[in-house]
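**Student:** Before I ask anything, here is the structure I am working with.
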């Protein structure tokens, strides 16, 4: 069982988490086309490489966060706050 | 339909003759130098790729075909699955499609002159609550309308079929009924792979093992060649039959599809004397189990919870599996797990494959097979061969086209998958 | 098997013996009484009493005796009581054991299938692929016969489950293998300050030192004392590291650990270890030699003989040929001479070789390459080693063959936290192995954060003849009955890679999983290909587990989530029939669901709805969140008001429904379906955390924080009035779809709302969970004169169907988008954004989707089973029944179902095929409600 470094709780067994999948940004609902929307819904890169994913610490702090994991070795090189939270932090200048 | 003569037909008499004369059997398939061009290049020498080649040659006389594999014949999902065959799906399209596969499997030993050991021992999908029983009923009713032998049975009948099953009421996961599908069963997966390989080889198709596709050349939106570690092959038709690795081939022609690769683990126990004469599946408990003629229990479960190309097994898989198997059959706690392994599954959002043409001309796919690819091998090969030979998508795979995703026409198997198992 | 033979095979006391001659044990073998000593294995006890044959082989039913005298010994698998496949060369003898041979019918001595050996030449590997194809209909009969050959022991449906447990261990260094290098590594790691787990599969630490001579025993005593002196070393014997998984997650199985829990002794325990570093000191496994007759009882490995003689004082034979290529073989010859066995040495290092072994149930003679034939009852081979590399494989390494020492070695592809100690790394004297282990142990400790790394001395690679097969063919895989001849034939037939030959012949796939066979298989393939470098053939990948582990140990004790409401004791006292609903166990009914319906419709009933998902939402931005999650509008929900809402996923598929009420300015309570509680919570959090972190909303799941009960029926207001304080219950003051906080039966901080899943006047009361049973009982006490009764899930399902309320997941499926579930009235496409909006916009522009409709069978006595299909013509499916019940209120059958759009108009009669094949007519009704469509009863 791999260990996932939760930004809040430290390294914990992967069973405590839910792997949400590749991180994606949601299209603007006001302007999206059906094709763009369904690409967002369904299409995946599915790389055999380093990928950025979203994980959720279900049996821990209940926080979503971003993880950089290699899908061949399952090594994890970084975990950090979700993109929206990082943007918000930058925006607020803190 | 082309008929061929095998240089040495397999038979009981042949075995005796070879036994007496101590002669050698001819090679099951041959090795070849890579030619500079083929009419069709199939990537992946698993059951889908091999069956496609076999039916191209047998049904359509197309034999200038190369099947490439970076490893060996049947080394991927085709040799790692738990070899269950059934047709008790949910949608009429699905039922008809898989029923054709069951029919092909029934005749395959004779057709291939290779005993694939199709054992139609019967297939039980257990229901542990009223909602899963309703889904079983749904499948049974659709199956019956399509002429498939399939019905819902109660705990007493289950107990008769599987005496080891704990059908008592006060268990954590009481068994309230099951979908019983008598024609379902298991085959010997290697035999299917080898039989198709031998049949394709004898008809002139070339199997190239240890031949890895490194890139695919396109020009003006169509495929023109495949580059491999053994050289370049000019071709106008490439078929991607690489299951868990499908995305890595797609990207060579610039395509991204709705696929996520998840490992699927399986395990076997040490052999014990035969006591289980049906394939038993519990969706709620994420376990399926059957017993081989050798006496081993073969187990499978659901896919791993995160995407990965790793084929290393995990401990938690075996723990959950064993715990759940013992919920069903508490008497076998002292049996021992012997070996675990993993294969890679390319999962789609609607639990249905992606088959047929793509926006890149000449680049065809037979992928997205998730956890149910093996049982569909024969019919997929037959249908893909027909598509390649005629240029027209056969009726039975139209629902599985790539365009269903941008067009929002997902296949109904998602219905059952989402309605609690 | 006379008693004279029995005593005659037990030797005088040996220096390193592990048997306790003061503790005799009686047991049964094959129906006869035997005795052995405490410390014996089943096999050593039997051997000492003159038994040679322990099993018959899988395919040819050949007699098999001792080969390796270890856990992996392929011929020594037996049945002990109800436990199949016990490794008799490893399992300690226990008093009263009932041991029987496996795989023999009708007996071990007389086996009709031994005739198979005669026809063996026709039963080449993979023969079954080539026959039994025609006629197809006879295959099941053939298969039955093949099935009779299944190997292994027997199980029973009612066999005792036994007791199993698990343990988590967090340790700095885990050492796999307790030989000299492993013991030294453990000591060194502990001295560096690391906590250490030292695991060995034998019953005592020491590895090969245990059955060595005086010097080895002295070194062992010293090492054992050093290990014992380190308080931070935990020693586990009769345990095995079965797997190394990602990030040093390590599985250790402890067999019969001698621990009892509440009087039940643990059969096996699975220890799950997260280790900072793993030291692999698994050592070497002696490899058999391939030649004709190599499986005859009496043909043994040198280490087997030394174990039997030196550990168990059992005489393995009377006259021996020792074929040796190394010092261990030489030492074995010495041991045999010491106990008075006549020995003929054939030395491979000077060109000697053996050609074949002859005999029946026991070895009789050996033919040598020099033409001699030597009569003997024991043939010992010492031809080299298999490096026990499975754990390295699991750590990502692919060991490489070195022809000089004739074995595989690890590479530098291992992660830094996996280090190799001892003979896996090279050859050396006891002192050199200890020095190597010491350095590796310190290094492992350093990599786990204790002390600093030290240089690891290189171990030599001592030249050893490459001995795999003689000039004759013999067995490569004993448990699978695969011979070198089979492998040659398979290669010629085109199964020419190691993976293909493995699959075709099943070589290495038996119970020992290649530990004895794998290198021979690679060497035979190399020979068949005419190559000398084994690396050209490669190896198959060793997979976990290293040794088989019981399903009981893997499963452990059951820890399945099971949830009960605080009122469970009341339900049990009132004979509730339990219903498993996900994690929850709920009352399905209390005897008569139809009567429970009547009670609610006529008087008043109470149902326990505690499993209802409940989220407490607080903050100024809650309306924004509600607008995003639900398809309907939420901006103007007044304090004290409650609204129904539906959620769709981003693909527009109906995901959950429920009500949300506003309790105060910044406080809302949302309910979800019972099964959707966790999903909706995570869904809400995902929007807040990953899309709108600026919104001020706090979500707290309070599902189990409140006990929930719905009081329903015309007399519910009267009943509620007797227990609620401080709330004006009049319809004007507290109307339908409103919420109030209240004190109920003296319990403060309750809230209740008027909603109507049953279609009756009803109050859903949510009580701090600890007071749930109190309030529940108070309601029954207060309402006895009103005829109050409890109702269960089934009555509620009937009533909701009468009212046409759909259930997500039953009356919708994974492809049901919002408009298909008759939700057009609440989907507000003019909102800027909400989950799934783009798909719902698209759905609103088309017509081609099935609709949820109310259906009534034309024959009111027929209840079509749920999931019955609605059809047109012979087999065209145009819909299905999703819910159906006999309505006790309407005294007719009622349904909900999906139909194609052209059948959705009220008044349409559709055809439904029942499970028994009958076809019945159903009529589409106006709307979904069968009873009180205007909702008058719940609004009074």
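**Student:** Picking from C:839, C:900, which residue would you name as being touching a residue at least 24 places away in the same chain (Cβ under 8 Å), under 30 Å from residue C:629 (Cα atoms) and over 42 Å from the mean Cα position of the chain (by Cα)? Spell out the reasoning first.
**Tutor:** On the way: C:839 fails: over 42 Å from the mean Cα position of the chain (by Cα).
So the residue among C:839, C:900 that is touching a residue at least 24 places away in the same chain (Cβ under 8 Å), under 30 Å from residue C:629 (Cα atoms) and over 42 Å from the mean Cα position of the chain (by Cα) is C:900.
**Student:** Take the range B:258-288 and flag every residue that is assigned to a loop (DSSP other than H, G, I, E, B), within 10 Å of another protein chain (Cβ to nearest Cβ) and crowded, with 22+ Cβ neighbours inside 10 Å. Walk me through how you get there before you give the answer.
**Tutor:** Initially, the range B:258-288 is screened for residues assigned to a loop (DSSP other than H, G, I, E, B), giving B:258-259, B:270-271, B:273-278, B:283-286.
Checking which are within 10 Å of another protein chain (Cβ to nearest Cβ) leaves us with B:258-259, B:270-271, B:273-277, B:284-285.
B:258, B:259, B:270, B:271, B:276, B:285 - these are the residues of the range B:258-288 that are assigned to a loop (DSSP other than H, G, I, E, B), within 10 Å of another protein chain (Cβ to nearest Cβ) and crowded, with 22+ Cβ neighbours inside 10 Å.
**Student:** Same structure, new question: One residue is enough: does the range C:70-79 have a residue meeting the conditions within 35 Å of the chain's Cα centre (by Cα), within 14 Å of another protein chain (Cβ to nearest Cβ), modelled with pLDDT of 95 or more and over 19 Å from residue C:481 (Cα atoms)?
**Tutor:** yes
**Student:** Pairs please, first residue from the range C:130-151 and at the interface with chain B (Cβ under 7 Å from one of its Cβ atoms) and closer than 24 Å to residue C:74 by Cβ, second anywhere and modelled with pLDDT under 80 and surrounded by 12 or more Cβ atoms within 10 Å (Cβ to Cβ), Cβ atoms under 9 Å, 6+ apart in sequence or on different chains.
**Tutor:** These pairs meet every condition: C:146/C:132; C:150/C:103; C:151/C:103.
**Student:** Need at least 1 residues that are within 23 Å of the chain's Cα centre (by Cα), more than 9 Å from every other protein chain (Cβ to nearest Cβ) and touching a residue at least 24 places away in the same chain (Cβ under 8 Å) per element, so show me which strands (runs of 3 or more DSSP E) inside the range B:92-210 make the cut, counting only ones lying wholly within it.
**Tutor:** Correct list: B:123-127, B:177-181, B:206-208.
**Student:** Looking at residue C:173, is it buried (at least 24 other Cβ atoms within 10 Å of the Cβ), more than 14 Å from chain B (Cβ to nearest Cβ), in contact (Cβ under 8 Å) with a residue 12 or more places away in the chain and closer than 22 Å to residue C:552 by Cβ? Lay out the reasoning, then the answer.
**Tutor:** Numbers: buried (at least 24 other Cβ atoms within 10 Å of the Cβ): yes; more than 14 Å from chain B (Cβ to nearest Cβ): yes; in contact (Cβ under 8 Å) with a residue 12 or more places away in the chain: yes; closer than 22 Å to residue C:552 by Cβ: no.
No: the conditions fail for residue C:173.
**Student:** Pick from C:659, C:654: which is part of a strand (DSSP E or B) and either at positive phi or under 36 Å from the mean Cα position of the chain (by Cα) (or both)? Can you show your working first?
**Tutor:** On the way: C:659 fails: either at positive phi or under 36 Å from the mean Cα position of the chain (by Cα) (or both).
Only one candidate passes the filter, namely C:654.
**Student:** Confirm whether residue A:74 is over 18 Å from residue C:691 (Cα atoms), within 12 Å of chain B (Cβ to nearest Cβ) and touching a helix residue (DSSP H, G or I) at 6+ places or on another chain (Cβ under 6 Å).
**Tutor:** Working: over 18 Å from residue C:691 (Cα atoms): yes; within 12 Å of chain B (Cβ to nearest Cβ): yes; touching a helix residue (DSSP H, G or I) at 6+ places or on another chain (Cβ under 6 Å): yes.
So residue A:74 passes the test.
**Student:** In this structure, does residue C:927 turn out to be touching a strand residue (DSSP E or B) at 6+ places or on another chain (Cβ under 8 Å), touching a residue at least 40 places away in the same chain (Cβ under 8 Å) and crowded, with 20+ Cβ neighbours inside 10 Å? Quick ask: steps written out before the conclusion?
**Tutor:** Details: touching a strand residue (DSSP E or B) at 6+ places or on another chain (Cβ under 8 Å): yes; touching a residue at least 40 places away in the same chain (Cβ under 8 Å): yes; crowded, with 20+ Cβ neighbours inside 10 Å: no.
Answer is no for this residue.
**Student:** Does residue B:18 qualify as being in a helix (DSSP H, G or I), touching a helix residue (DSSP H, G or I) at 6+ places or on another chain (Cβ under 9 Å) and within 12 Å of chain C (Cβ to nearest Cβ)? Break it down stepwise before answering.
**Tutor:** Details: in a helix (DSSP H, G or I): yes; touching a helix residue (DSSP H, G or I) at 6+ places or on another chain (Cβ under 9 Å): yes; within 12 Å of chain C (Cβ to nearest Cβ): yes.
Against the criterion (in a helix (DSSP H, G or I), touching a helix residue (DSSP H, G or I) at 6+ places or on another chain (Cβ under 9 Å) and within 12 Å of chain C (Cβ to nearest Cβ)), residue B:18 qualifies.
**Student:** Another question about this same structure. When residues of the range B:37-87 are filtered for being within 15 Å of the chain's Cα centre (by Cα) and on the phi < 0 side of the Ramachandran plot, how many remain?
**Tutor:** Result for the range B:37-87: 21.
**Student:** Among the residues of the range B:337-356, is any farther than 30 Å from residue A:49 by Cβ and free of Cβ contacts under 8 Å to residues at least 24 places away in the same chain? Walk me through it before giving the result.
**Tutor:** Within the range B:337-356, the first condition is being farther than 30 Å from residue A:49 by Cβ, and the residues that meet it are B:337-338.
Narrowing further to those that are free of Cβ contacts under 8 Å to residues at least 24 places away in the same chain: none.
No, there is no match, as no residue in the range B:337-356 is farther than 30 Å from residue A:49 by Cβ and free of Cβ contacts under 8 Å to residues at least 24 places away in the same chain.
**Student:** Being within 11 Å of another protein chain (Cβ to nearest Cβ) and more than 46 Å from the chain's Cα centre (by Cα) is the filter here, so list the residues in the range C:842-870 that pass it.
**Tutor:** Once the filter is applied, which keeps residues that are within 11 Å of another protein chain (Cβ to nearest Cβ) and more than 46 Å from the chain's Cα centre (by Cα), the range C:842-870 yields C:845, C:846.
**Student:** Now a separate question. Looking at the range C:17-59, which of its residues are part of a helix (DSSP H, G or I) and either out of contact with any strand residue (DSSP E or B) (no Cβ under 7 Å at 6 or more places or on another chain) or more than 16 Å from residue C:87 (Cα to Cα) (or both)? Outline the logic, then answer.
**Tutor:** Pass one, the range C:17-59, residues part of a helix (DSSP H, G or I): C:42-48.
Passing the criteria: C:43, C:48.
**Student:** Then there's this: Keeping to the range A:21-55, report how many residues are out of contact with any strand residue (DSSP E or B) (no Cβ under 9 Å at 6 or more places or on another chain) and either more than 8 Å from chain B (Cβ to nearest Cβ) or surrounded by 16 or more Cβ atoms within 10 Å (Cβ to Cβ) (or both).
**Tutor:** Taking the range A:21-55 first, the residues out of contact with any strand residue (DSSP E or B) (no Cβ under 9 Å at 6 or more places or on another chain) are A:25-43.
Then drop every residue that is not either more than 8 Å from chain B (Cβ to nearest Cβ) or surrounded by 16 or more Cβ atoms within 10 Å (Cβ to Cβ) (or both), which leaves A:25-33, A:36-43.
Counting residues in the range A:21-55 that are out of contact with any strand residue (DSSP E or B) (no Cβ under 9 Å at 6 or more places or on another chain) and either more than 8 Å from chain B (Cβ to nearest Cβ) or surrounded by 16 or more Cβ atoms within 10 Å (Cβ to Cβ) (or both) gives 17.
**Student:** Would you confirm, using the coordinates I've provided, whether residue C:269 is within 14 Å of chain A (Cβ to nearest Cβ), touching a strand residue (DSSP E or B) at 6+ places or on another chain (Cβ under 7 Å) and outside any helix (DSSP H, G or I)? Working first, answer last.
**Tutor:** Values: within 14 Å of chain A (Cβ to nearest Cβ): no; touching a strand residue (DSSP E or B) at 6+ places or on another chain (Cβ under 7 Å): yes; outside any helix (DSSP H, G or I): yes.
Considered against the rule, which asks whether it is within 14 Å of chain A (Cβ to nearest Cβ), touching a strand residue (DSSP E or B) at 6+ places or on another chain (Cβ under 7 Å) and outside any helix (DSSP H, G or I), residue C:269 comes out as no.
**Student:** Given the conditions (1) more than 30 Å from residue B:225 (Cβ to Cβ); (2) modelled with pLDDT under 95, report the number of the one that residue B:105 does not fulfil.
**Tutor:** (2)
**Student:** So, one more: Looking at the range C:375-390, I want the residues that are within 16 Å of residue C:522 (Cα to Cα) and have a partner that is in a helix (DSSP H, G or I) with Cβ atoms under 6 Å, at least 6 apart or on another chain. Which pairs are those?
**Tutor:** Matching pairs, first to second residue: C:386/C:519; C:387/C:424.
**Student:** Return yes or no: is residue C:868 crowded, with 17+ Cβ neighbours inside 10 Å, without any contact (Cβ under 8 Å) to a residue 40 or more places away in the chain and at negative phi? Talk me through it step by step, then tell me what you get.
**Tutor:** Details: crowded, with 17+ Cβ neighbours inside 10 Å: yes; without any contact (Cβ under 8 Å) to a residue 40 or more places away in the chain: no; at negative phi: yes.
Criteria not met by residue C:868.
**Student:** Assuming residue C:828 fulfils every condition listed in (1) surrounded by fewer than 23 Cβ atoms within 10 Å (Cβ to Cβ); (2) more than 14 Å from chain B (Cβ to nearest Cβ); (3) modelled with pLDDT of 95 or more; (4) in contact with a strand residue (DSSP E or B) (Cβ under 6 Å, 6 or more places away or on another chain) apart from one, which condition is it?
**Tutor:** All conditions pass for residue C:828, except number (4).
**Student:** Being within 14 Å of another protein chain (Cβ to nearest Cβ) and buried (at least 17 other Cβ atoms within 10 Å of the Cβ) is the requirement here; does residue C:582 meet it?
**Tutor:** So residue C:582 passes the test.
**Student:** If we scan the range B:345-363, do we find a residue that is under 25 Å from residue C:509 (Cα atoms) and either modelled with pLDDT of 95 or more or within 7 Å of another protein chain (Cβ to nearest Cβ) (or both)? Show your work before the answer.
**Tutor:** Within the range B:345-363, the first condition is being under 25 Å from residue C:509 (Cα atoms), and the residues that meet it are B:345.
Those left that are additionally either modelled with pLDDT of 95 or more or within 7 Å of another protein chain (Cβ to nearest Cβ) (or both): B:345.
So far as the range B:345-363 goes, yes, one or more of its residues are under 25 Å from residue C:509 (Cα atoms) and either modelled with pLDDT of 95 or more or within 7 Å of another protein chain (Cβ to nearest Cβ) (or both).
**Student:** Can you tell which of C:809, C:792, C:879, C:873 is at positive phi and within 38 Å of the chain's Cα centre (by Cα)?
**Tutor:** Values: C:792 fails: at positive phi; C:879 fails: within 38 Å of the chain's Cα centre (by Cα); C:873 fails: within 38 Å of the chain's Cα centre (by Cα).
From the options C:809, C:792, C:879, C:873, the qualifying one is C:809.
**Student:** Which of the numbered conditions does residue A:59 fail, given that it passes all the others? Conditions: (1) more than 14 Å from chain B (Cβ to nearest Cβ); (2) loosely packed, with under 15 Cβ neighbours inside 10 Å; (3) in contact with a helix residue (DSSP H, G or I) (Cβ under 9 Å, 6 or more places away or on another chain).
**Tutor:** All conditions are met except number (1).
For every residue, the table says whether it meets (1) assigned to a strand (DSSP E or B); (2) at pLDDT 95 or above; (3) under 40 Å from the mean Cα position of the chain (by Cα).
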| residue | (1), (2), (3) |
| --- | --- |
| C:696 | no, yes, no |
| C:707 | yes, yes, yes |
| C:719 | no, yes, no |
| C:736 | no, yes, no |
| C:741 | yes, yes, no |
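The values are calculated or read from the model by the stated rules, or taken from the named source; none is laboratory data. It should be emphasised that the depicted structure is a prediction, and the values quoted were computed from it without experimental measurement. Neighbour counts run over all protein chains shown; Cβ positions are idealised from the backbone, glycine included.
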